[in-house]
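Right, one structure below, let's go through it.
The values are calculated or read from the model by the stated rules, or taken from the named source; none is laboratory data. Since the structure is predicted, the reported quantities are computational estimates derived from the model, not experimental observations. Reconstructed Cβ throughout: ideal geometry from the backbone, glycine too, with neighbour counts over all protein chains shown.
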Amino acid sequence: MLKVGLTGGIASGKSAVGEMFAALGAHVVQADRIAHELMRPGQAVYNEVVRHFGREILHPDGSVNRAKLAEATFGPGGDGGQGQSRIEELNRIVHPTVIRSQGEWMQEMGRKDPNAVAMVEAALILEAGARDHFDQIIVVTCNAEQRAARFAARQKIDLESARKEVSRRMAAQLPDEEKIKAAHFVIDNSGGLDHTREQVRQVWEKLKAAASA
């Protein structure tokens, strides 16, 4: 079984690349989905997040309002000198449990299929200190303007607002240049989907060979 971390900056196209790997046969889980589950009411992570960030981040039904949590973490337009510490505060609460859950999921995939490629898609693998939990790291990159355009489309906001928001959020992540240094494979998602898909296919052949070696 091969443990693979799939990472990249915000709006780089990690999820699209993850779907391509899944279509080829990889077992893929999104760290963000694990975090969503951990933030359900009654979970220990949920209780800690509410204790640290206040009940104003909740929907009326008690579930976490992701937009309000992001605003409380990153600030509504500037960090007021506290943004980085609030990001770190959230990460300290969430990351350890997410990393543990990822590990348990990968072990389960390995029990089901000894030759499995178990892939975790996560934005902050390196920032969370989880590099050593994986056999190989794949980094997805794209250019800054594409990143902003994708974020604008996803969030349904104008391009200038997207540029500012992406810039603020990227400040909490390692730059692509640093991520690439830790990568076994880099997928350039700046071109068309066919170009990306061909890169994924080539990497997949190498992952399969490593998993069954």
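Tell me, please, whether a residue that is surrounded by 15 or more Cβ atoms within 10 Å (Cβ to Cβ), within 21 Å of Ala128 (Cβ to Cβ), touching a residue at least 40 places away in the same chain (Cβ under 8 Å) and in contact with a His (Cβ under 6 Å, 6 or more places away or on another chain) can be found in segment 16-34.
Looking through segment 16-34, none of the residues is surrounded by 15 or more Cβ atoms within 10 Å (Cβ to Cβ), within 21 Å of Ala128 (Cβ to Cβ), touching a residue at least 40 places away in the same chain (Cβ under 8 Å) and in contact with a His (Cβ under 6 Å, 6 or more places away or on another chain).
Can you name the residue in segment 182-199 that is within 18 Å of Asp135 (Cβ to Cβ) and either modelled with pLDDT under 95 or aliphatic (A, V, I, L, M) (or both) and, of all such residues, is surrounded by the most Cβ atoms within 10 Å (Cβ to Cβ)?
The initial filter retains those residues of segment 182-199 that are within 18 Å of Asp135 (Cβ to Cβ), namely 182-187.
Right, trim to either modelled with pLDDT under 95 or aliphatic (A, V, I, L, M) (or both) and you get 182-183, 186-187.
Working: Ala182: 14, Ala183: 19, Val186: 17, Ile187: 27.
The extreme case among them is Ile187.
For segment 78-176, which fully contained helices (runs of 4 or more DSSP H) count at least 3 residues that are over 24 Å from Gly192 (Cβ atoms), over 18 Å from the mean Cα position of the chain (by Cα) and in contact (Cβ under 8 Å) with a residue 60 or more places away in the chain?
On the way: elements: 83-112, 144-155, 159-170.
Correct list: 83-112.
For residues that are small (Gly, Ala, Ser), under 18 Å from Lys14 (Cβ atoms) and in contact (Cβ under 8 Å) with a residue 24 or more places away in the chain, tally how many sit in segment 185-213.
1
Determine which single condition Ile125 fails, assuming it passes every other condition in (1) crowded, with 19+ Cβ neighbours inside 10 Å; (2) under 30 Å from Arg111 (Cβ atoms); (3) out of contact with any strand residue (DSSP E or B) (no Cβ under 9 Å at 6 or more places or on another chain).
Here Ile125 meets the rest and fails (3).
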